[in-house]
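Here is the structure we will look at.
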Amino acid sequence: MAEDLMTDTHKTDTQKGRVEIDDVVIRFKGRQGPVTALARTSHVLEPGTFTALIGPSGCGKSTLMNAIAGFVKPSEGSLRLDGKPIAGPSPEVGVIFQQYALFPWFTALNNVRYGLKQFGLPQGEEIDRARAALAEVGLEAHADKYPQQLSGGMKQRVAIARTFAVGPKVLLMDEPFGALDAQTRLVMHELLLNIWRKHRATVLFVTHDVDEALLLSDHVQVMSQAPGRLIRHYHLTQQRPRAFSRSGSDLLEIRDEILDLLHPKTDLADSL
Ligand code: ADP
Ligand code: MG
């Protein structure tokens, strides 16, 4: 019951999932020499918080995620999870991409079980855990369907179930709802917030959609154009579910500010 009543307040600081990004720079080899994909960046994601990352295309959002996931090694600086250097992919950090990344030849249940294989659970326990995870995303009745029999939103629910079943401390989501229609997105927002409240993973959520960032997050980080760096931070404390129309909410002002940052108005006076 106490759990149910716990809404947007965070658990104690003994909770795990603290991500430290310390002076990280990421360069890739380009045809004409190294290209900076992420300018020097330092930031801390506090345990259990929900942070949206928003910025122009190509500014390095996915690169930063891939570094936290352990897929990409920083050229400079360091990344730590709960004080330990991030040396490669680990079950402590879950990743969800825009494309559902489900195995087409596995049923929904077996897609979720696949994520659990690394734990070497007894088969019965593995199946129970996978079923419970599917139930959490409302798909218990679809456990035996294959991805091509599921809608986009349902596929993304399977991906969410697969990731949360593993019990990650950190969840990285790279434009996870970008391919879904507006109505399905709203349903997914509610579902994600409910699961996040229950599991309290530290979430980093990349989106193009300012409204989505403002409706979901505790923190919004705005990135500059490439090579990206964090240029603006908003700490949002408005109760969820949020609405732009609610009086006294300054979400609309913040939305305008972020849109200005992302799409600066050309100064007419300069061009005359
Ligand atoms: P975003 O996700 O914000 O759209 P990315 O992180 O995907 O941006 O890309 C940032 C920059 O790094 C882009 O210029 C992209 O072309 C480049 N980049 C990303 N990954 C690689 C890679 N593996 N090799 C070379 N360049 C890359
Ligand atoms: Mg990207």
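Between residue 128 and residue 198, how high is the FRET efficiency from 1/(1 + (r/R0)^6) when r is the Cβ-Cβ distance and R₀ = 25 Å? Nearest 0.05.
So the FRET efficiency works out to roughly 0.90.
Please give the length that would be gained between residue 119 and residue 135 if that part of the chain were fully extended, namely 0.36 nm times their separation in residues minus their C-alpha to C-alpha distance (nm, one decimal).
3.7 nm
For the stretch 195-250, what does the alpha-carbon gyration tensor say about shape, rounded, prolate or oblate, given a ≥ b ≥ c as the root eigenvalues, a/c under 1.5 as rounded, and a/b over b/c as prolate?
It comes out oblate by the Cα gyration axes.
Tell me the label-point distance for the pair residue 32, residue 179, using the 7 Å Cα-to-Cβ offset, in nm and rounded to one decimal.
Here the answer is 3.4 nm between the modelled labels.
Convert 4 °C to kelvin, take the viscosity as 1.567 mPa s, use the Kirkwood radius over C-alpha pairs of the chain as Rh, and evaluate the Stokes-Einstein diffusion coefficient in µm²/s, rounded to a whole number.
D, rounded to a whole number, is 66 µm²/s.
In the structure shown, do any of 155/265; 16/145; 84/145; 155/198; 169/265; 198/265 have a Cα-Cα gap over 32 Å, and if so which?
Table pairs above 32 Å Cα-Cα are 155/265; 16/145; 84/145; 169/265; 198/265.
Averaged per residue, what accessible surface does the chain expose to a 1.4 Å probe, in Å²?
Spelled out: the 1.4 Å probe surface of the chain, per residue, equals 51 Å².
With an 8 Å Cα cut-off and a minimum separation of 6 or more residues, compute the relative contact order for the chain in percent.
Result for the chain is 25 percent.
Residues with amide H under 5 Å of residue 86's amide H, sequence separation 5 or more or different chain, H placed in the peptide plane at 1.01 Å from N; which?
So residue 86 has HN proximity to 79, 80, 81.
On the protein heavy atoms, probe 1.4 angstrom, tell me the percent of accessible surface of the chain carried by carbon and sulfur.
53
Using 7 Å Cα-to-Cβ label points, what is the residue 106/residue 257 separation (nm, one decimal)?
4.3
Once the Cβ-Cβ distance between residue 246 and residue 98 is put in as r, and R0 is 30 Å, what FRET efficiency do you end up with, to the nearest 0.05?
0.50
Could you go through the stretch 62-71 in sequence order and give the Karplus-derived ³J(HN,Hα) for each residue, using 6.51 cos²θ - 1.76 cosθ + 1.60 with θ = phi - 60°, rounded to whole Hz, and x for Gly and Pro?
5, 4, 4, 4, 4, 6, 5, 6, x, 7
Filter the chymotrypsin sites (Phe, Trp or Tyr not before Pro) in the stretch 74-134 to those in DSSP coil with at most 11 other Cβ atoms within 10 Å of their Cβ, and list the result.
In loop regions of the stretch 74-134 (DSSP not H, G, I, E or B), the sparsely surrounded chymotrypsin sites (Phe, Trp or Tyr not before Pro) are 105.
Among the trypsin sites (Lys or Arg not before Pro) in the stretch 174-272, which ones are in a DSSP loop with at most 11 other Cβ atoms within 10 Å of the Cβ? Mind listing them?
265
Tell me, what ³J(HN,Hα) does each residue in the stretch 196-201 have, in order and in whole Hz, if you take phi through Karplus 6.51 cos²θ - 1.76 cosθ + 1.60 with θ = phi - 60° and put x for Gly and Pro?
Calculated HN-Hα couplings, in order: 4, 4, 6, 8, 6, 6 Hz.
Can you find, among 67, 193, 207, the residue farthest towards the positive end of the dipole of the chain? Put +1 on the C-beta of Lys and Arg, -1 on that of Asp and Glu.
In the chain, that residue is 67.
Could you grab the Rg to Rh ratio for the stretch 14-141? Cα atoms only, Kirkwood for Rh.
1.04
The values are calculated or read from the model by the stated rules, or taken from the named source; none is laboratory data. Remember, predicted model here, so these are calculated numbers, not experimental data. Here the Cβ is made from the backbone with ideal geometry for all residues, glycine too, and neighbour counts use every protein chain on show. Note: areas computed on protein heavy atoms with side chains; ligands, DNA, RNA excluded. Shrake-Rupley method; radii C 1.70, N 1.55, O 1.52, S 1.80 Å.
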